[in-house]
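Trainee: Have a look at this one.
Rule-based calculations on the coordinates, nothing more; no lab input. Remember, predicted model here, so these are calculated numbers, not experimental data. Note that each Cβ is placed from the backbone with ideal geometry, even for glycine, and that neighbours are counted across all protein chains shown.
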Amino acid sequence: MVKKTHNYKLKKNIGLFQLTLYGVGIILGAGIYALIGPAAGIAGNAVWMSFILGAILAFFTGMSYAELSSMYPKSAAEYVYTKKAFKEKYLAFIVQWIMLITITLSAATVALGFAGYFADAFGGSIILIAAGLIVVLSLINYIGMKESSEFNMISTIIEAGGLIIIIILGLFFFNRGNIDYFALPPTGMLGIISGTALIFFAYLGFEDLVNVSEETKKAKKVVPKALVLALLISTVIYILVAISAVSIVGVDKLAASNAPLKEVINSTIPDASFAFSIIALFATANTVLVMLIVASRILYGLSRQKLMPRPFSYVGKRGTPYMAAVVIMLLCIFMLLLGGIKTIALLTDVGIFIVYLFINSAVIALRYRQPKLKREFRSPFSIGRLPVLPVLGIITSLMILVFFERELILYETSIIFIGVLVYMIVKAKRRHSRKNRK
């Protein structure tokens, strides 16, 4: 009876509108709600410039993801892209491993952010609330992608509504205090770039769209369109929120607050602060849900590629990878005991920029190795066969990596080392099982 449930396939339930909202939902998640304060402390009045720079970086690599997803609409996307480009299973696994761990770490961190808002409003244990949230959202993940996307759609509208309220309030305060929005911080452009290194966490999510390609209708055309739309919508909202927040409370208050956007609401509509806490709960919960979905699909994809234990690719009658969902749930709960949101956000960014190096390199490699392979979408601007945007994506990713602390690089090295061990263990077990069959 159990065996029959292993042979179901992922259901294609997602269209362009749903996938675009899915992307906007994860991009507009906890990052902007939690990190605009610390970023304002680094970049000053010109924090909006950090968001523009972050959008440019995201656009370079976003175009690479769009092209690759139009060629290979598969789960465990980073693994597939790297393997197709460089013909190295080992390298492809490590790239996908980095993505898997950083997404799961991010989900745990955002769950703690949810718990902080929840405990502030209703009381309770931070760890227990976060663990409870992960269990509930993992259940939604198991129930089905259709139900998950419906929850995501509702949450996205609510969290975007909260940000739009701040933008509207900002219109009444714009330039009232003679704020110089172009004033650079004392560290100059270095401060803007450092701010970008932090707030880039707020852009994470556009690359995760490709990992639900197998559940998307007409994925080769829909995924690239949804990716571009999600990035554009999110960027406009971020820039306007940054300008509004600085206009209303100023950089110093933003930087000092643990709940910077709630501080903005308190300064304008004090009676609405509780309602805004509810909006923040939806924003953080939505981000955690999407990250749990993506992480479980990555694990599912790796299992299908025979790079993780076979049970992780089992799909139940509801059309979802239930074993992968359970494993990610347990791993995420375990990670609740790790550092605070700023540290994990930076650690996540380190991992993401390393992955971006390989994704952009994959586009360049495939332009030369597979020039005739059909692409429903091509990254714009080329010099001969050489695509310009992926080259810029590589250069800017390397530039940002230089700004991270050495300790964070060491943490990321440890994650990579663990990935190497996992790969060697799985490979050894596969070799052993083949010998036994003979």
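Trainee: Do any of Lys74/Lys218; Lys74/Lys221; Lys306/Lys372 go past 19 Å between their Cα atoms, and which?
Mentor: Violating the 19 Å Cα-Cα cut-off are Lys306/Lys372.
Trainee: A follow-up question, please. Most mobile of Pro260, Pro371, Pro185 per a Gaussian network model of the chain (Cα springs, under 10 Å)?
Mentor: Pro371
Trainee: About the Cα centre, and with charges only on the beta carbon of Lys, Arg (+1) and Asp, Glu (-1), how big is the dipole of region 11-431? Nearest 20 debye, please.
Mentor: With Lys and Arg at +1 and Asp and Glu at -1, about 2560 debye.
Trainee: Under 19 Å Cα-Cα from Lys427, which aspartates and glutamates qualify once same-chain neighbours fewer than 8 residues away are excluded?
Mentor: Glu88
Trainee: Ok, one more. Where does the longest stretch of the chain lie that holds no chymotrypsin sites (Phe, Trp or Tyr not before Pro) found in a DSSP loop with 16 or fewer other Cβ atoms within 10 Å?
Mentor: Here the longest segment lacking exposed loop sites spans 183-380.
Trainee: Also, I was wondering about something else. In the chain, which whole DSSP H runs stretch at least 27 Å along their own axis (Cα) and average -1.0 or higher on the Kyte-Doolittle scale?
Mentor: Answer set is 47-71, 89-122, 145-173, 219-256, 273-304, 341-369, 406-437.
Trainee: Could you list the trypsin sites (Lys or Arg not before Pro) in region 263-314 that lie in coil according to DSSP, counting only those with at most 16 other Cβ atoms within 10 Å of their Cβ?
Mentor: Lys306
Trainee: Let me ask you something else. How large is the charge dipole for region 267-353, taken about the Cα centre, if only the Cβ atoms of Lys, Arg (+1) and Asp, Glu (-1) carry charge, to the nearest 20 debye?
Mentor: That gives region 267-353 a dipole magnitude of about 620 debye.
Trainee: Picking from Ala365, Ala34, Ala130, which is most flexible by a Gaussian network model of the chain using Cα springs under 10 Å?
Mentor: Ala365
Trainee: Considering the dipole of the chain built from charges on the beta carbon (Lys and Arg +1, Asp and Glu -1) around the Cα centre, which of Val246, Val110, Ala226 is farthest to its positive end?
Mentor: Sorting the options by dipole projection puts first Ala226.
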